[in-house]
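Okay, structure first, notes after.
The values are calculated or read from the model by the stated rules, or taken from the named source; none is laboratory data. Bear in mind the structure is a predicted one, so any value in this text is a computation, not a measurement. Counting neighbours? That spans all protein chains shown, and the Cβs are built from the backbone with ideal geometry, glycine included. What goes into the accessible areas is simple: the full protein's heavy atoms, side chains included, and nothing from ligands, DNA or RNA. Shrake-Rupley method; radii C 1.70, N 1.55, O 1.52, S 1.80 Å.
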Amino acid sequence: MARKYPFSMWVYNDISEFTPDEVDLWVECGMTIPLTPAINPGGDVSLLIPFLNRAEQLGVKMIGNVWGLGYGDLLRMGEEAYEKRLGEVLAVIGGHPALYGLCVGDEPDSAEQMDATKRCIAIQKRMAPHLTPYINYTGNTVSFTKEQRCGYDLKDWMKYVAEETGSKEFCFDIYDQTINDGEGKSGFMKTVRDMVEAADYAGCEAWGCLLSSAHHVFHVQSEVDLLWQINAAATMGLKGVLWFRFYDRASVIEYCGSPIDEFGNKTEAYYGMMRAQRRFNNHYGEIFMRLRHKKTYEVKSDRGVFPEFRPGDHELIKAIEPNDETMVSFFEDEDGTEYMVLFHTVTKYYGVVNVRFDDTKCDLYRVTNNGADESRCRNHDGEDEGSTILPASIAMYKIVRK
């Protein structure tokens, strides 16, 4: 079965608040590797089994959120007690085919916590090598001092953790893209750029924990806003998206706009997220999971995050002519076939992009439906009308050398 693009979410509610039918809701919304509700102190891990059973029936996996397995627990209990607790959890659910991994924690921000995170991941991979530990770093990790990263630069820290533990996946949160009227998008792009470069250097895959709840300076997300976050993440090389968060809670009134409100109702964000996630996986998700990110450029942009795409930057693509701000990324599959993704970063207006390519050396195909539908493009010099791209949307092309 082709690997779908991972979509997940933080669920802070105790598992006692749900029945396994809730898994159907998550899958309907487009989640492919949802995080389980919390097993809090004193909770029974076996309560997860019906949820995992339902996930298996629906063809998805889950990340277990179980008390006693975080980096804070290791610091509190010590490694021996941590291993004992992990063994107890694994004895109950470790062999379940729908279990993707177990949560290690959220936002370590000191050398002690970063080191404990690495130790937790190493223990989990040693005791359950078939599982993928889930860790969510803070996006500020890119600006930590070397001392906060245990003496390592960012890239070397990620490589160190990968080599010491054998785990090849990490997540980080970044919410700048939702500040007020989009004024934080450049900061978002810089953080994603740096984390993707670190992941590539370490031989890992990076996920982004993105925002679906309004709070502080972060506004309520519309369907186009959610679409922008997904397409930006994939275009810049992230290999998964986990949302903060899925449920609003009556006890935390300064947060709002989540997919499910504090009364248990589906909000506008739910339906926007459902359409954005399911459409993405229907058309591009499986392809993105087969591709290796090579290079990202900006076109008609003054953000200064990625280099401007200029004639000569690509052997076959001679020019990209947008009528508004556009991002272009190049990818390659395991057979060496190259793909180009154009991301129209404007959220209010559609864009028109003309691509000039060397048709003596290649053919260019517009790709949808995960490659099942391919439309051969005419060179713009040969009167091709260009591609219309909806707000916050992408166009994917396959480059076939002659």
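Taking the listed residues Leu90, Leu69, the one that is assigned to a loop (DSSP other than H, G, I, E, B) and either on the phi < 0 side of the Ramachandran plot or open to solvent by less than 30 Å² (accessible area, probe 1.4 Å) (or both) is Leu69, with no other qualifying. Would you confirm whether any residue within the stretch 254-272 is of a type in the set (Phe, Trp, Tyr), in contact (Cβ under 8 Å) with a residue 24 or more places away in the chain and surrounded by 21 or more Cβ atoms within 10 Å (Cβ to Cβ)? No, the stretch 254-272 has no match at all. Note on the stretch 213-253: among residues that are more than 22 Å from Phe172 (Cβ to Cβ) and among the polar types (S, T, N, Q), the one that is least open to solvent (accessible area, probe 1.4 Å) is Ser222. Within the stretch 206-252, being assigned to a loop (DSSP other than H, G, I, E, B) and hydroxyl-bearing (Ser, Thr, Tyr) holds for Ser212, Ser213, Ser222, Ser251. Only residues that are in contact (Cβ under 8 Å) with a residue 40 or more places away in the chain, open to solvent by 50 Å² or more (accessible area, probe 1.4 Å) and under 21 Å from Ile121 (Cα atoms) were counted across the stretch 157-196, and they come to 2. For the stretch 119-129, residues that are within 21 Å of the chain's Cα centre (by Cα) and surrounded by fewer than 21 Cβ atoms within 10 Å (Cβ to Cβ) total 0. Just for the stretch 341-388: of the residues that are assigned to a strand (DSSP E or B) and touching a residue at least 60 places away in the same chain (Cβ under 8 Å), which one is farthest from Lys4 (Cα to Cα)? Among those that are assigned to a strand (DSSP E or B) and touching a residue at least 60 places away in the same chain (Cβ under 8 Å), it is Phe343. In the stretch 276-289, the residues that are open to solvent by 30 Å² or more (accessible area, probe 1.4 Å) form Cβ pairs under 7 Å with partners that are at pLDDT 95 or above and not in a helix (DSSP H, G or I), at six or more places apart or across chains, as follows: Arg278/Gly30; His283/Thr368; Glu286/Lys4.
Can you tell me which residue is nearest to Lys266 (Cα to Cα) among those in the stretch 201-216 that are of a type outside the set (S, T, N, Q) and under 15 Å from the mean Cα position of the chain (by Cα)? Taking the candidates together, the pick is Leu211.
Return the total of residues in the stretch 135-155 being under 14 Å from Tyr201 (Cα atoms), part of a helix (DSSP H, G or I) and open to solvent by 60 Å² or more (accessible area, probe 1.4 Å). The number of residues fulfilling the criteria is 1.
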